[in-house]
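Before any comments, here is the structure.
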Amino acid sequence: MSRKTREQAAVRLAETKIREARQKKVRVIRNSVLAAVGLAGVGAVAYGSISYVNKPLEAERSATWDTKNVYPSDISFGKADAPVRITEYGSLTCVHCKNFHDNHLSDFLKKYVDTGKVHFVFRHFPYDQAGLAGASFVTCLSVNERAVAVEKMMEDQSDWVHASNPAEAAADVVGLEGDRKLKAVSCAADPATSKTISEIGMEASRHGVSATPTFVVGNNVHGGFMGASALGALVEQELTRK
């Protein structure tokens with residue numbers, strides 16, 4: 001084995017150890033958070049220790065489930081028959097999800113969804129009680145209201161996540177009043193609503209989704225934050241395979 005080959009092997013080994021240590025840290029934090037809020041198996045932990053990247057993240061693995069499935073609580077952008085499907089597993093209380101939605105999603109939608117290249121789906125994956133309440137509230141809105149509600153709740157995240165009644169505070173952020181507000185908040189408080197969200201989260205956890213945001217691009221799972229350009233690069237890779 002040449003010196004160059006040995007050095008390359010050493011670099012790959014070091015990168016593998018760093019990646020494994022990072023994933024272990026995420027799992028430990030995730031378990032402690034979920035245990036604290038009583039949501040074990042429901043959601044994930046935000047990538048607090050992972051820096052933002054402007055280049056595509058390597059796929060952690062291939063998805064072992066139907067990546068084209070759509071749940072009633074999902075928020076869908078674009079045509080279902082677009083050549084590339086992306087699912088974002090995100091929480092309304094996740095600061096990195098907020099960054100993506102505030103600063104990157106609009107550009108990504110214009111370039112890839114509006115042009116028919118991508119079907120983008122936001123899937124609720126809450127990791128705390130406020131996130132679950134927020135997801136339940138959004139699910140109680142009409143299908144046409146949900147995308148706007150998510151963007152407002154991401155933008156004004158700090159205005160509702162720490163409230164004693166997050167769903168009611170979210171309704172104020174979204175601008176609901178009167179009977180519409182009462183109906184949505186009451187629906188969000190219904191255990192059946194939160195159960196539906198939780199079951200989807202538990203299914204994702206069983207498939208190995210463990211943090212927010214996680215992007216499933218085609219059949220590849222990418223855990224961690226990516227900006228519009230990085231996510232777009234993965235789309236271009238998928239399109240070349242079509």
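Let's see how each residue does on (1) surrounded by fewer than 17 Cβ atoms within 10 Å (Cβ to Cβ); (2) in contact (Cβ under 8 Å) with a residue 60 or more places away in the chain; (3) of a type in the set (D, E, K, R); (4) in contact with an Asp or Glu (Cβ under 6 Å, 6 or more places away or on another chain):
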residue	(1), (2), (3), (4)
VAL118	no, yes, no, no
MET153	no, yes, no, no
TRP160	no, no, no, no
ALA169	no, no, no, no
ASP179	yes, no, yes, no
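Suppose the filter is of a type in the set (A, V, I, L, M), within 27 Å of ALA184 (Cα to Cα) and surrounded by fewer than 24 Cβ atoms within 10 Å (Cβ to Cβ); does LEU141 pass it? Yes; evaluated as a whole, the condition is true for this residue.
Checked against (1) surrounded by fewer than 17 Cβ atoms within 10 Å (Cβ to Cβ); (2) of a type in the set (Gly, Ala, Ser); (3) closer than 17 Å to ASP156 by Cβ; (4) in contact with a strand residue (DSSP E or B) (Cβ under 7 Å, 6 or more places away or on another chain), SER106 passes all but condition (4).
Looking at the stretch 136-148, is at least one residue among the aliphatic types (A, V, I, L, M) and touching a strand residue (DSSP E or B) at 6+ places or on another chain (Cβ under 8 Å)? Yes, the stretch 136-148 contains at least one residue that is among the aliphatic types (A, V, I, L, M) and touching a strand residue (DSSP E or B) at 6+ places or on another chain (Cβ under 8 Å). Would it be correct to say that SER73 is modelled with pLDDT of 95 or more, in a loop (DSSP other than H, G, I, E, B) and either acidic (Asp, Glu) or more than 18 Å from GLY223 (Cα to Cα) (or both)? Considered against the rule, which asks whether it is modelled with pLDDT of 95 or more, in a loop (DSSP other than H, G, I, E, B) and either acidic (Asp, Glu) or more than 18 Å from GLY223 (Cα to Cα) (or both), SER73 comes out as yes.
Quick check on THR193: is it β-branched (Val, Ile, Thr) and farther than 27 Å from VAL235 by Cβ? In short, yes.
Here's the yes/no breakdown for (1) touching a strand residue (DSSP E or B) at 6+ places or on another chain (Cβ under 8 Å); (2) surrounded by fewer than 18 Cβ atoms within 10 Å (Cβ to Cβ); (3) in contact (Cβ under 8 Å) with a residue 60 or more places away in the chain:
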| residue | (1), (2), (3) |
| --- | --- |
| HIS207 | no, yes, yes |
| SER210 | yes, no, yes |
| PRO213 | yes, no, yes |
| VAL216 | yes, no, yes |
| HIS222 | yes, no, yes |
| PHE225 | no, no, yes |
| ALA228 | no, no, yes |
| GLY232 | no, no, yes |
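Got at least one residue in the stretch 198-218 being farther than 18 Å from SER62 by Cα and in contact with a Pro (Cβ under 9 Å, 6 or more places away or on another chain)?
Within the stretch 198-218, one or more residues are farther than 18 Å from SER62 by Cα and in contact with a Pro (Cβ under 9 Å, 6 or more places away or on another chain).
The values are calculated or read from the model by the stated rules, or taken from the named source; none is laboratory data. Because the structure is predicted, anything quoted here is derived from the model rather than measured. Here Cβ is always computed from backbone atoms with ideal geometry, including for glycine, and neighbour counts include all displayed protein chains.
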